[in-house]
1. Sorting check: for 228-234, 118-124, 509-515, which peptide has the highest mean count of neighbouring beta carbons within 10 Å, and how do the rest follow?
2. Using only the alpha-carbon atoms of segment 124-207 as identical scatterers, what base-10 log of I(q)/I(0) does the Debye formula give at q = 0.17, 0.20, 0.23 Å⁻¹?
3. Please work out whether segment 205-259 counts as rounded, prolate or oblate from its C-alpha gyration tensor, where a ≥ b ≥ c are the square roots of the eigenvalues and a/c under 1.5 means rounded, while otherwise a/b larger than b/c means prolate and anything else oblate?
4. From the backbone phi of segment 390-396, what are the Karplus-calculated ³J(HN,Hα) couplings (6.51 cos²θ - 1.76 cosθ + 1.60, θ = phi - 60°) in whole Hz, Gly and Pro given as x?
5. Mind listing the long-range amide H neighbours of L65? Cut-off is under 5 Å, sequence gap 5 or more, other chains count too, H placed in the peptide plane at 1.01 Å from N.
6. Using the heavy atoms of the protein chains alone and a 1.4 angstrom probe, what is the accessible area of segment 422-515 per residue in square angstrom?
7. Would you mind calculating the gained length between N307 and K105 on full extension (0.36 nm times residue separation, minus the Cα-Cα distance), in nm to one decimal?
8. Convert each backbone phi in segment 121-131 into a coupling constant with the Karplus relation 6.51 cos²θ - 1.76 cosθ + 1.60 (shift: θ = phi - 60°), then list the ³J(HN,Hα) values in order as whole Hz, x for Gly and Pro.
Amino acid sequence: MDSEDDMHDANDLESLDDDFYSGETEDAPMDYYSDYDDDADDYFDDGDDSDPADSRRPEQNFTILKESDIRQRQEDDISRVAAVLSMPRVAASILLRHYNWSVSKVNDAWFADEEQVRKTVGLLEKKVYENPGANELTCGICFEVYPLSKIQTASCGHPYCFSCWGGYIGTSINDGPGCLMLRCPHPSCGAAIDQDMINLLVSAEDKEKYDRYLLRSYIEDNKKTKWCPAPGCEHAVNFDAGSGSYDVSCLCSYSFCWNCTEEAHRPVDCGTVSKWILKNSAESENMNWILANSKPCPKCKRPIEKNQGCMHMTCTPPCKFEFCWLCLGAWTDHGERTGGFYACNRYEAAKQEGVYDETEKRREMAKNSLERYTHYYERWASNQSSRQKALSDLHQMQTVHIEKLSDTQCQPESQLKFITEAWLQIVECRRVLKWTYAYGFYLAEHEHAKKQFFEYLQGEAESGLERLHQCAEKELQVFLNGDGPSKDFNDFRTKLAGLTSVTRNYFENLVRALENGLCDVDSNGAASSKATGSKNAAGSSKGRGGRGKGTVRGSMSSRITDDNHWSCEQCTYANVRSATACQMCNQPRR
């Protein structure tokens, strides 16, 4: 089932535009949202079916499958193989399971060497054990004699009683998905046990288990399909290769990376995400903290942290050894002559001689490493927390506030979609910003130009996001608390829509640059603008807070994009081709 329409629902919180770099970004002034052309209102006009966001959205390269869709696809594949090869459906199912549910592989192998395929999968044309014609047969497992009505055989002809068959198949089903490749219990026989025989011989509970294994095998054995990794979600995703993006959004609103099945992490690659998650869960940072903030007791070697007080340390029982924190010598050798309780001249003298150089160097390196990791991790976690709060606010907006605002401002809910789009943009930008801190942590320290350019782009994007978040969260509250229509609401609508567009452009610049490996930065420490119309430099590389000292070279004229828009050199807003001035910041077109 193609769920493209479903994925455009408001619950789809994770989609990110794939059309990046609509123009150059500059350090735009704060008042660039105040003036707009009247045409900006057309964005919210119900009579206009075209949605700017839809025009920028890439074609979906995946399909969400519900359980009913999976069963239908599975049945269709079985029917196709059964019709082409003129065989029963249960035999076609066995073939498909063996070839990982690939119809083309089944057909290729079958027509290349039918006899070998039959032997491999256990579809025998002739019985290997012939019934002597007696009215009674001996079960090959329990060796009891049974009438023919109590005996069942697979395609091979080996006879077993109903009870032994049931125990054999039931045990295999309870052992797991391996029951899907079940063969005859005879040691030298490879005949396959088909689903009709299983349904005849096992309990209803085992039938249900087998059916569940069969359904799951259709997804898990197929390279083009995967289960959504969200807890409790039973949807699957069919992915069409060929797109550069691996981000997939399920109907449950969870977004993940198709390649590594971690949460969606564009623009950071899967290798970086794997290293970052491992680092967050590893014990290495605990050891770094211990090394940076503690010293071992000279006697029992247990680590001790000194968080206040003098240099006189006493280890915890049962050790109770007393020593000097600085030189780690016994406290019995210390006193007024060695500097008292708050100094140690023995340590100072040894330090001048270089005795503690290696130890102090290791401790300093561990401390610096820990501080650097903490810096990036705190910001990564902070944006994750902000994103979760934004998701909650978005849900509240969709379920409660939009209806209230529609009544208060006397406007239909369709005219208020700009608020939902702003919150969707906030949620997505928080996710992107979160992963940029993982990217920054692994960015090589010696690549100063790239680091400066990255910090500039990150700073611009973060500043734009904070302005948008504040507008959507704080300024909207005035209208939510109002008792009636406000004449300022249309101005607020224009401002919020403008902030949403500008913030999107900032993050598109950031995402494209990181996906390209910051290749716009040359060896001289400058960021160069490529000749392509979709890759533009982001203004001066001197970011907020003094980050970066390089320069960004790029054309100062506006550029025409592929969708007949031109991008403003100051705020990067994508204007219609006929506009002579930027609808966002009123900057004249050059």
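The values are calculated or read from the model by the stated rules, or taken from the named source; none is laboratory data. Computed from a predicted model, the values in this text were never measured in an experiment. Positions of Cβ are generated from backbone atoms using ideal geometry, with glycine treated the same way; all protein chains shown enter the neighbour counts. For accessibility, only protein heavy atoms count, side chains too; no ligands or nucleic acids. Shrake-Rupley method; radii C 1.70, N 1.55, O 1.52, S 1.80 Å.
1. Working: 228-234: 13.0, 118-124: 18.4, 509-515: 23.1.
The packing order, highest mean first, is 509-515, 118-124, 228-234.
2. Result of the Debye calculation: -0.67, -0.92, -1.19.
3. Working: a/c = 3.94, a/b = 1.76, b/c = 2.24.
Taking the square roots of the gyration eigenvalues as a ≥ b ≥ c, segment 205-259 is oblate.
4. Residue by residue, segment 390-396 yields 5, 4, 5, 5, 4, 4, 5 Hz.
5. HN-HN under 5 Å from L65: A236, V237, N238.
6. On the way: 3030 Å² over 94 residues.
Normalised by residue count, the accessible surface of segment 422-515 is 32 Å².
7. Details: separation 202, 0.36 × 202 = 72.72 nm, distance 6.73 nm.
This chain segment gains 66.0 nm when fully extended.
8. For segment 121-131, the Karplus curve yields 8, x, 9, 7, 7, 10, 6, 9, 10, 9, 5 Hz.
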